[in-house]
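Before any comments, here is the structure.
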Amino acid sequence: MRPILITAFLFITSLCFAQRQNVYFLKNNGEYVKIRDSADYIRIVREPDSASVLYNVFEYYPNGHGKLIGKSSVIDPPKFEGTCIRYYANGGKQLVSNYKGGQLIGDEYEFYPNGKPYKAGKYTEDINHNTAIHNYQITAEYDSLGTALVTDGNGYYKGYDDKFKMIIEDGNLKNGKRDGEWKGKNSALNISYVETYDNGNLVSGISTGKNGDIVKYSKTRDVEPTYKGGLKAFYNYLGRNIHYPDYEKSHNIQGKVLVLFVVEKDGSLTDIKILEHVSENLDAEALRAIKESPNWIPGTRYGRPVRVQYTVPIGFTLN
């Protein structure tokens, strides 16, 4: 009976705060759905507390157990600030992370489903870049019985899948950074890989597909998709092709439209949608420009083209 009581409580809460919160139904892949019964989890975003500008974000599993608690600077999708706690479906703590401007920063702690500590690490901001690039270092790891495998960033690391059923990568850590040979597998891409590191820097990598095909790569296993010529060239394209709608121009309507799309393996753009709206005409103009964009250079993982979700802010400003 307990899940039923909890679910009923959530429903009552939703009614009580109908004027003060937004409710979203989502799949595990981040897709929004309209029907509660089709959702893998529920997200509730409530107004900021007194003397705060941050929205309160709560997520729940269908069984009523909490999935996430955090604070966001925007309503949705969340742009987390401060400490964010995630939970397993059994109610146990899964992950404690810290955010700044929607980016991971500082200490992070992960736990086994039995409640024992699994891993500790730290995200440090790369001060040499203006973009939100972060470095992650593993500082500690324990087996399910609590025996230390990595201490102070040194030891032999074993990384598990989400269900802790199998090891998906392993290798030596030195001062929190990968060092020497690392081996692993990626079930989503159906590949296995062998990589060589030097003080945390990837020297070389080889990925092998399920059919035995081999791809070599270096410097990084993940490469973001890019517009030919880079972002500056992309915004030059937008500047040449976007036309300010007459109604918005005459009524001094300005703002930033945030557009989400997927860069496919062939570089084409699909699944284009608006995340942050300004007006019907400005939204439509932003969508048109993205739809007519030339193909991008696709992103890669382990040297192989992959589909990558990408967001671009398009500003409309009148001088």
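Bear in mind these aren't lab numbers, they're just calculated from the coordinates by the rules spelled out. Since the structure is predicted, the reported quantities are computational estimates derived from the model, not experimental observations. Quick reminder, even Gly has a Cβ in these numbers, built from the backbone with ideal geometry, and neighbours come from all protein chains shown.
Rounded if a/c is under 1.5, else prolate if a/b is larger than b/c, else oblate: which is region 37-146, with a ≥ b ≥ c the root eigenvalues of its Cα gyration tensor?
It is oblate, given that a/c is not under 1.5 and a/b is not larger than b/c.
Assign unit charges at the C-beta atoms only (+1 for Lys and Arg, -1 for Asp and Glu), then state the dipole size of the chain relative to its Cα centre in Debye, rounded to the nearest 20.
Details: 40 positive and 37 negative charges, 77 e Å.
Charge dipole, the chain, about its Cα centre: 380 debye, nearest 20.
Hey, rough spin-label estimate for Gln254 and Val74, points 7 angstrom out along Cα→Cβ, what's it come to in nanometres?
Modelled inter-label distance: 1.9 nm.
Rounded, prolate or oblate: which one fits the chain, using the alpha carbon gyration tensor with axes a ≥ b ≥ c (rounded when a/c is under 1.5, else prolate when a/b beats b/c, else oblate)?
oblate
Using a Förster radius of 30 Å, what is the FRET efficiency between Phe164 and Asn135 based on their Cβ-Cβ separation? Nearest 0.05, please.
Working: r = 26 Å, r/R0 = 0.85.
FRET efficiency, Phe164 to Asn135: 0.70.
Hey, which of these cross-link pairs are over 29 Å Cα-Cα: Lys158/Lys210; Lys210/Lys265; Lys67/Lys122; Lys158/Lys265?
Working: Lys158/Lys210 23 Å; Lys210/Lys265 18 Å; Lys67/Lys122 22 Å; Lys158/Lys265 31 Å.
Violating the 29 Å limit, Cα to Cα: Lys158/Lys265.
Quickly estimate the mean residue ellipticity at 222 nm for the chain, helices only: each DSSP H run with n ≥ 4 gives -39500 (n - 2.57), and the total goes over all residues, rounded to 500.
Working: 4 runs with 43 residues, N = 319.
Counting only the DSSP helices, I get -4000 deg cm²/dmol.
Please work out the Kirkwood hydrodynamic radius for region 231-316, using every pair of different C-alpha atoms, and report it in angstroms with one decimal place. Provide the component values of the computation, followed by the final result.
Details: mean 1/r = 0.0733 Å⁻¹.
Evaluated on region 231-316, it is 13.6 Å.
Please list, in chain and number order, the residues 5+ apart from Lys67 or on another chain whose amide H is under 5 Å from its amide H, with Hs placed from the backbone.
When sequence neighbours closer than 5 places are left aside, the close amide H contacts are Glu59, Tyr60, Tyr61.
What is the local net charge at Ala120, summed over the other residues whose Cβ is closer than 9 Å to its Cβ (Lys, Arg +1; Asp, Glu -1)?
Numbers: positive: Lys119, Lys122; negative: Asp107, Glu108, Glu110, Glu141.
Net of charged neighbours comes to -2.
Rounded if a/c is under 1.5, else prolate if a/b beats b/c, else oblate: with a ≥ b ≥ c from the C-alpha gyration tensor eigenvalues square-rooted, which is region 206-277? Show your work: numbers first, answer last.
Working: a/c = 3.73, a/b = 2.74, b/c = 1.36.
In terms of gyration-tensor shape, prolate.
Around Pro313, under 10 Å between beta carbons, what's the net of Lys plus Arg minus Asp minus Glu among the other residues? Spell out each step's value before the answer.
Working: positive: Lys256; negative: Glu276.
Every neighbour counted, the sum reads 0.
Build a GNM of the chain with springs between Cα atoms under 10 Å: which of Arg178, Arg288, Arg221 gets the top mean-square fluctuation?
Arg288
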